[in-house]
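Student: Dumping the structure here so I can ask a few things about it.
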Amino acid sequence: MRLLTSLATLCLLAGPAAADSFETIKINAGQALFDNECRRCHAVDAQDASYGPPLENILYRAAGSYADYDYSIALEASGIVWTPAALRAWMADNAGFMPGTKMRHVGIQDRTVQDFILAYLTSISQQDNSQISD
């Protein structure tokens, strides 16, 4: 809750550009939360080593499709596309969302934290797949 209060205060101080500033704040907060919650296993740049697949361009990518990563059979065969809704469900409970996944994860239940991480993941997703819906 302190994070939300701090963000609201920063937006009030930002003045007329608050909408743009709030989006930047969400992305920056999302990056910090990603670094805290996800970075120990996932890089955002394919050039950086990581245990799990890199998450750059994850938005609207088919699940289990990053080349050179050994996914679980369950994930590869899922047919899931990483929409914001699918990513949110994954963050909340990946083992419940995808039984048979090999990823070990502590769920991120807080929707605000999910929102911030999604804002960050969106910011590092460059492809235009807007025709795919949530």
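Student: Under a point spin-label approximation (7 Å from Cα along Cα-to-Cβ), what is the residue 77-residue 51 distance to one decimal in nm?
Tutor: Each label point lies 7 Å from its Cα, and together they span 2.6 nm.
Student: In nm, to one decimal, how far is the modelled label at residue 32 from the one at residue 68, with both set 7 Å along Cα→Cβ?
Tutor: 3.3 nm
Student: Ok, one more. Would you mind calculating the gained length between residue 102 and residue 20 on full extension (0.36 nm times residue separation, minus the Cα-Cα distance), in nm to one decimal?
Tutor: Details: separation 82, 0.36 × 82 = 29.52 nm, distance 3.81 nm.
Once the chain is fully extended between residue 102 and residue 20, it gains 25.7 nm.
Student: Based on Cβ point charges of +1 for Lys and Arg and -1 for Asp and Glu, what charge dipole magnitude is obtained for segment 2-123 about its Cα centre, in debye rounded to the nearest 20? Can you show the working numbers first?
Tutor: Numbers: 9 positive and 13 negative charges, 66 e Å.
The dipole of segment 2-123 has a size of about 320 debye.
Student: Can you compute the modelled spin-label distance between residue 115 and residue 40, with each label point 7 Å from Cα toward Cβ, in nm?
Tutor: Result: 2.7 nm between the two label points.
Student: In addition: Taking a ≥ b ≥ c as the square roots of the Cα gyration tensor eigenvalues, with a/c under 1.5 meaning rounded and otherwise prolate when a/b beats b/c, else oblate, which class fits segment 2-123?
Tutor: Details: a/c = 2.32, a/b = 2.00, b/c = 1.16.
It comes out prolate by the Cα gyration axes.
Every number in this text was worked out from the coordinates using simple rules, so none of it is lab data. Note that the structure is predicted; figures quoted are calculated from it, not measured. Note that each Cβ is placed from the backbone with ideal geometry, even for glycine, and that neighbours are counted across all protein chains shown.
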